[in-house]
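For reference, the structure discussed in these notes is given below.
The values are calculated or read from the model by the stated rules, or taken from the named source; none is laboratory data. If you're wondering where the values come from, they're calculated on a predicted model, not measured in any experiment. Using ideal geometry, Cβ is built from the backbone for each residue, glycine included, and neighbour counts are taken over all protein chains shown. Surface areas here come from the heavy atoms of the whole protein model, side chains and all, with no ligands, DNA or RNA. Shrake-Rupley method; radii C 1.70, N 1.55, O 1.52, S 1.80 Å.
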Amino acid sequence: MTVPDPAEAICSRKGCRNTATTRLLWNNPKIHAPERRKVWLACDDHATWLQDYLQERSLWKETLPMTSEGPA
């Protein structure tokens, strides 16, 4: 999984242009292999909203801070 430079990462919430501070890892078990992780980026204002959205659909796997080190 490639992690964008934290200074250039933008929130994935529609219409938001804020710098991302959080990575939300998710996967859709209907179409993705169990080990695959998709990533949404979130700013402080939208991290909880995006996590709730993914959890309600049983897609959420993990929430991590933005870092330049890559996957934990």
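Data overview
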quantity: Matching residues, the stretch 15-35, being within 13 Å of the chain's Cα centre (by Cα) and within 16 Å of R57 (Cβ to Cβ); calculated: L24, L25, W26, N27
quantity: Any hit, the stretch 24-41, residues being in contact with a Pro (Cβ under 6 Å, 6 or more places away or on another chain) and exposed (fewer than 11 other Cβ atoms within 10 Å of the Cβ); calculated: no
quantity: Filter result (in a loop (DSSP other than H, G, I, E, B), polar (S, T, N, Q) and touching a strand residue (DSSP E or B) at 6+ places or on another chain (Cβ under 7 Å)) within the stretch 22-45; calculated: N27
quantity: Candidates T63, T48 - the one that is open to solvent by 80 Å² or more (accessible area, probe 1.4 Å), outside any loop (DSSP other than H, G, I, E, B), modelled with pLDDT of 95 or more and among the hydroxyl-bearing types (S, T, Y); calculated: T48
